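Derivation of every value follows stated rules applied to the coordinates shown; laboratory data play no part. Since we're looking at a predicted model, the values are computed, not measured. Quick reminder, even Gly has a Cβ in these numbers, built from the backbone with ideal geometry, and neighbours come from all protein chains shown.
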């Protein structure tokens with residue numbers, strides 16, 4: 001299996017219509033909720049299958065379950081990967097035009113976390129494609145050679161995927177505030193001059 005069809009970076013900024021942007025934000029919210037459920041399920045498993053000091057009762061079973069967590073999170077993120085860069089760029093633009101009183105101090109930091117995580121995910125994706133292309137003929141999905149390196153790749157990606165689960169809500173927050181805040185480029189409303197009171201005609205006596 002070759003990766004030529006996947007060589008185009010999957011997170012480039014894309015010009016989108018307002019309806020497409022709204023749909024991308026909806027998908028981000030869906031990813032957040034899916035990632036939260038995946039993590040909650042993993043935490044419940046981990047609590048049940050480790051001793052009081054945090055050591056797994058069965059290292060092999062624990063490792064397989066952790067790989068499942070990583071794979072499920074990666075699959076959930078695939079629905080937003082193509083629009084992630086666009087959403088970041090849009091949020092940064094919205095933030096730069098927003099009145100200072102409307103800006104939350106944490107937003108700049110969180111946007112930085114998201115951008116760093118996305119840069120690392122893009123780089124790891126390229127590394128994965130190179131690794132996949134170097135596998136022996138016949139080493140496809142379901143074979144140990146393929147599944148082992150894919151598991152390693154997903155494990156490397158997981159912390160960055162988790163960053164997106166934890167911080168991507170600000171993309172929705174910034175969009176909501178930007179739509180409510182007046183544009184700094186909009187001219188102030190023109191004052192309406194008071195019209196003089198009509199003068200009553202003089203009555204001739």
Open item on the list: Taking a ≥ b ≥ c as the square roots of the Cα gyration tensor eigenvalues, with a/c under 1.5 meaning rounded and otherwise prolate when a/b beats b/c, else oblate, which class fits the range 74-147?
Closed with: prolate
Open item on the list: Could you list 160, 62 so that the one with the fewest beta carbons within 10 Å of its beta carbon is first and the one with the most is last?
Closed with: 62, 160
Task: Relative contact order [Cα under 8 Å, 6+ residues apart], the range 22-76, whole percent - done: 40
Task: Proportion of all alpha-carbon pairs of the range 15-180 beyond 30 Å (%) - done: 29
- [ ] Kindly provide the pair-distance distribution of the range 109-162 built from C-alpha pairs, with 10 Å bins from 0 and whole-percent values in order of increasing distance.
- [x] 24, 44, 22, 9, 1
- [ ] Using a 10 Å cut-off on Cβ atoms, rank the peptides 27-37, 123-133, 98-108 from the highest mean neighbour count down.
- [x] 27-37, 123-133, 98-108
TODO: With the convex hull built on the Cα atoms of the range 55-95, state its orientation-averaged projected area in nm².
DONE: 4.3
